[in-house]
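First up is the structure itself, then whatever we jot down about it.
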Amino acid sequence: MTDEHFLDVKDLRIHFPTDDGLVKSVDGLSFHLERGKTLGIVGESGSGKSVTSLGILGLHKGGHAKISGEIWLDGEELVSASLDHVRSLRGKKMAMIFQDPLSSMHPYYSVGDQIVEAYRVHNKVTKQVARKHAIDMLDRVGIPQPERRFDSYPHEFSGGMRQRAMIAMALVNNPDLLIADEPTTALDVTVQAQILDLMRDLQRDFNAALIIITHDLGVVAELSDDILVMYGGKAIEYGTGADIFERPEHPYTWGLLGSMPRLDREPTERLLPIKGSPPSLINVPSGCAFHPRCAFEPRTHGKGKSEVPELIESEGGHLVRCHLTRDERRAIWETEIKPNLEATL
Amino acid sequence: MSEALLSVDGLQKHFPVTKGLLKRQVGAVKAVDGISFEVRKGETLGVVGESGCGKTTTGRLITRLIEPTGGKIVFEGRDISHMSQGKLRPLRRDVQMIFQDPYSSLNPRHTVGAIVGAPFRIQGVQTEHGVKRAVQDILALVGLNPEHYNRYPHEFSGGQRQRIGIARTLALKPKLIVADEPVSALDVSIQAQVVNLLEDLQNELDLTYVVIAHDLSVVRHISDRVAVMYLGKIVELADQKDLYKSPMHPYTNALLSAVPIPDVKGRQGRERIRLQGDVPSPLNPPPACRFHTRCWKAQEICKQVEPPLVELATGHEVACHFPENAPAKGDAPAEAGATA
């Protein structure tokens, strides 16, 4: 592994004690990211993807969560850092774009004022200078007539415009790390395409590291260099976009690909869903968390039920957490999965 | 071609916008503004569009949960557009609805048995071996454990709750099921389970579906024919294969090219159409062709004359002055005449 990554998360664990038991939302997660690169984190509800992003921003600090592991951002360790210090980094060093801009912006303040506030927290400038900067930002993210729109309130914006304003607010301090949690889920498909284009352009201009968290494999494929697939609080597959989409090795990733109807291929007769539903994080299944839903569990000779598989390198940085051997997985993908995904009517 | 189970002609729904103490009407949201289509027995008609295009209102109109402002809805030969609630009651057996959100569409204080059994009680239907037995049969049919008869909705996962909702619609063996975003609240792996279930039930019980959704890939998978809506109008209506292979309306083209594809190979090469701006407000829609404000092909005529929905190829209706992929003039009407 190269010496130092811009963002390096090592064995991150975020556990929440509840009356019903310990919820292991994130359980031993490691990944890294460089400036100018994009990491996509994919998973279903309860897989721990959003908790991870909030954890990096330090938003679980001071609460009930038990956090361990290391988060290195540009040479600084954040898990052990004080709350005040992490707070001073938020906005300036790292920023977040949330899913629903209507509930993450303050309804009583104008959009412009909220951007100005974010800017003045980190920059000692007059209101006029900050206002000018905020208008520039609104212009950058493609809001028409930014001078006039500066004084509008969030409810006066459409969904796409609000998400643009949200992005302007996140980028106003030129952060090095940008985390987008389901940034386009609440948007219509034509507006989603606009926002994805915008994020791609801005990331290139600002040379920021971007983490995009979503359940939509299409969105991930559009933006990501690397992809991390999460299940039950753990990474189950981690690799480049080509690794995940062209030679996936984990049965869960196969299941996700088989569950999606696709517009770029001839329609298949039937979708190939994963049986059952995502696990409860209080009663995570023994052994491999995916084993109750896995069609290939019988081929692990009982190991699936009893042993937690390790995340092991398959080839060239492509990591997989599965009891099946690499050759078994590749054979299954080539002979049993891939032909079915591409089967035509 | 099989006969029409439901046909809709010039359907309109305008919601009044009122102002002031006297509730003076100052305008109207033209949620659905003159649409015509038919649903044939045994088919699945998909309705797609972005938010505010009127697709949900359309679903609520054809189930007569709301009354249309204008136009006609004919179900099995009977005009139901302005039928009274009392007269509609027997019809409710034949037309059922699946809702989007499996969390808010099930009463949390009722057991599954009560929820799925409610249609029998309301309609006063006598079952051979009692309601409980009938409900348990339906639960088994949708893939739930019949033993869970006495459980409450909160004990089930999202996908299972959607199955409960489906079981409820099936209770009275309806002829037409309107599903409004049946899978959009579910996780990807669960979506596929529910889509497959809907297809299996259709084959087994000979159902007719109207599926309303914003997800173009789900609609393509499940539908026989697809209607694309924009601001209260149908802009294109065609067989699923024709619509996705050779879309004629610029809006359909834009929608299809905006869908992110889960593949890294084609990401650079794919040709993209990027629409500018958002969907205009249905309170004050653009005149003539409603899409002209965002359309890259728009010309003067689009701002002045509203394009009618016409059949340009067999079974392929489009409302556009400058359609794409259109067959050469001359052969379309002949073909249309031959099938009629």
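The values are calculated or read from the model by the stated rules, or taken from the named source; none is laboratory data. The model shown is predicted, which means the values in this text are computed figures rather than measured ones. Positions of Cβ are generated from backbone atoms using ideal geometry, with glycine treated the same way; all protein chains shown enter the neighbour counts. What goes into the accessible areas is simple: the full protein's heavy atoms, side chains included, and nothing from ligands, DNA or RNA. Shrake-Rupley method; radii C 1.70, N 1.55, O 1.52, S 1.80 Å.
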Note on the range B:184-202: residues open to solvent by less than 10 Å² (accessible area, probe 1.4 Å) and more than 7 Å from every other protein chain (Cβ to nearest Cβ) are B:Val194, B:Leu198, B:Leu201
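Of everything in the range A:80-120 that's within 19 Å of the chain's Cα centre (by Cα) and more than 18 Å from A:Val172 (Cα to Cα), which residue is surrounded by the most Cβ atoms within 10 Å (Cβ to Cβ)?
That would be A:Gln99.
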* Any chance the range B:264-281 includes a residue that's within 14 Å of chain A (Cβ to nearest Cβ) and touching an Asp or Glu at 6+ places or on another chain (Cβ under 6 Å)? -> yes
Q.
So for the range A:180-199 (the condition being part of a strand (DSSP E or B) and in contact with a Gly (Cβ under 9 Å, 6 or more places away or on another chain)), does at least one residue qualify?
A. no
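Residues being more than 9 Å from chain A (Cβ to nearest Cβ) and either within 14 Å of the chain's Cα centre (by Cα) or open to solvent by 10 Å² or more (accessible area, probe 1.4 Å) (or both): count how many of those fall in the range B:203-218.
Just the residues of the range B:203-218 that are more than 9 Å from chain A (Cβ to nearest Cβ), to begin with: B:203-213.
From what's left, either within 14 Å of the chain's Cα centre (by Cα) or open to solvent by 10 Å² or more (accessible area, probe 1.4 Å) (or both): B:203-206, B:208-213.
Here the count works out to 10.
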Can we say A:Asp139 is surrounded by fewer than 17 Cβ atoms within 10 Å (Cβ to Cβ), on the phi < 0 side of the Ramachandran plot, in contact with a helix residue (DSSP H, G or I) (Cβ under 6 Å, 6 or more places away or on another chain) and in a helix (DSSP H, G or I)?
yes
So, first residue surrounded by fewer than 16 Cβ atoms within 10 Å (Cβ to Cβ) in the range A:292-304, second residue not in a helix (DSSP H, G or I), Cβ within less than 8 Å, six or more apart or across chains; the pairs are A:Ala295/A:Lys275; A:Arg299/A:Leu324
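Does A:Phe206 qualify as being touching a strand residue (DSSP E or B) at 6+ places or on another chain (Cβ under 9 Å) and either within 13 Å of A:Glu44 (Cα to Cα) or more than 11 Å from every other protein chain (Cβ to nearest Cβ) (or both)?
On the way: touching a strand residue (DSSP E or B) at 6+ places or on another chain (Cβ under 9 Å): yes; either within 13 Å of A:Glu44 (Cα to Cα) or more than 11 Å from every other protein chain (Cβ to nearest Cβ) (or both): yes.
Criteria met by A:Phe206.
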Given (1) more than 12 Å from chain A (Cβ to nearest Cβ); (2) within 29 Å of B:Cys302 (Cα to Cα), B:Tyr244 misses just (1)
Condition (residue is free of Cβ contacts under 8 Å to residues at least 60 places away in the same chain and within 25 Å of A:Gly36 (Cα to Cα)) applied to the range A:148-160: is it met by at least one residue? yes
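Given B:Val235, B:Val264, which one is of a type in the set (A, V, I, L, M, F, W, C), touching a residue at least 12 places away in the same chain (Cβ under 8 Å) and touching a helix residue (DSSP H, G or I) at 6+ places or on another chain (Cβ under 7 Å)? Even if it seems obvious, please write down each step before you answer.
On the way: B:Val264 fails: touching a residue at least 12 places away in the same chain (Cβ under 8 Å).
None of the other options fit; the residue is B:Val235.
Being among the hydrophobic types (A, V, I, L, M, F, W, C) and either within 27 Å of the chain's Cα centre (by Cα) or under 19 Å from A:Ser25 (Cβ atoms) (or both) is the filter here, so list the residues in the range A:296-323 that pass it. Let's see the steps before the verdict.
Step one: filter the range A:296-323 for residues among the hydrophobic types (A, V, I, L, M, F, W, C), giving A:296, A:308, A:311-312, A:319-320, A:322.
Scanning the range A:296-323 gives A:Val308, A:Leu311, A:Ile312, A:Leu319, A:Val320, A:Cys322.
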Residue set B:Gly117, B:Gly130, B:Gly143, B:Gly165; condition at pLDDT below 95, more than 20 Å from the chain's Cα centre (by Cα) and crowded, with 20+ Cβ neighbours inside 10 Å; output residue B:Gly117
Within the range A:201-222, restricting to residues that are over 12 Å from the mean Cα position of the chain (by Cα) and over 18 Å from A:Met94 (Cβ atoms), the one that is surrounded by the fewest Cβ atoms within 10 Å (Cβ to Cβ) is A:Arg204
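Mind telling me which of the residues B:Val32, B:Val26 ends up being surrounded by fewer than 17 Cβ atoms within 10 Å (Cβ to Cβ), modelled with pLDDT under 95, of a type in the set (Val, Ile, Thr) and not in a helix (DSSP H, G or I)? Show your work before the answer.
Details: B:Val32 fails: surrounded by fewer than 17 Cβ atoms within 10 Å (Cβ to Cβ).
Of B:Val32, B:Val26, the one residue that is surrounded by fewer than 17 Cβ atoms within 10 Å (Cβ to Cβ), modelled with pLDDT under 95, of a type in the set (Val, Ile, Thr) and not in a helix (DSSP H, G or I) is B:Val26.
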Taking first residues from the range A:272-286 that are in contact (Cβ under 8 Å) with a residue 40 or more places away in the chain and within 12 Å of B:Val194 (Cα to Cα) and second residues anywhere that are part of a loop (DSSP other than H, G, I, E, B) and aromatic (Phe, Trp, Tyr), the pairs with Cβ under 8 Å that are 6 or more apart or on different chains are none
A careful count of residues in the range A:161-174 that are within 11 Å of chain B (Cβ to nearest Cβ) and of a type in the set (Gly, Ala, Ser) gives 0
Can you confirm whether the range A:175-198 contains a residue that is out of contact with any strand residue (DSSP E or B) (no Cβ under 8 Å at 6 or more places or on another chain), surrounded by fewer than 23 Cβ atoms within 10 Å (Cβ to Cβ), more than 9 Å from every other protein chain (Cβ to nearest Cβ) and not hydrophobic (A, V, I, L, M, F, W, C)? no
Exactly one of A:Leu78, A:Leu102, A:Leu73 is of a type outside the set (Val, Ile, Thr) and without any contact (Cβ under 8 Å) to a residue 40 or more places away in the chain, and that residue is A:Leu78
Going through (1) more than 9 Å from chain B (Cβ to nearest Cβ); (2) at pLDDT 90 or above one by one, A:Glu269 fails only at (2)
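Tell me which strands (runs of 3 or more DSSP E) are completely within the range A:1-118 and hold 1 or more residues being modelled with pLDDT of 90 or more and touching a Gly at 6+ places or on another chain (Cβ under 6 Å), or say none if there are none. Reasoning before the result, please.
Details: elements: A:7-18, A:21-33, A:38-42, A:66-73, A:94-97.
Those strands (runs of 3 or more DSSP E) span A:7-18, A:21-33.
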All conditions in (1) among the basic types (Lys, Arg); (2) assigned by TED's automatic domain parsing to the domain that holds B:Thr208; (3) over 28 Å from B:Val47 (Cα atoms) are true of B:Arg121 except (2)
Only one of B:Leu237, B:Leu256 is closer than 19 Å to B:Ala319 by Cβ and within 9 Å of chain A (Cβ to nearest Cβ), namely B:Leu256
Listed by first then second residue, the pairs whose first member lies in the range A:13-42 and is free of Cβ contacts under 8 Å to residues at least 40 places away in the same chain, whose partner is of a type in the set (A, V, I, L, M), with beta carbons under 9 Å and at least 6 positions apart or on separate chains, are A:His32/A:Met1; A:His32/A:Leu7; A:His32/A:Val9; A:His32/A:Leu39
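Looking at B:Ile138, is it more than 14 Å from chain A (Cβ to nearest Cβ) and more than 20 Å from B:Asn107 (Cβ to Cβ)? Don't jump to the end; show me each part of the working.
Values: more than 14 Å from chain A (Cβ to nearest Cβ): yes; more than 20 Å from B:Asn107 (Cβ to Cβ): no.
No.
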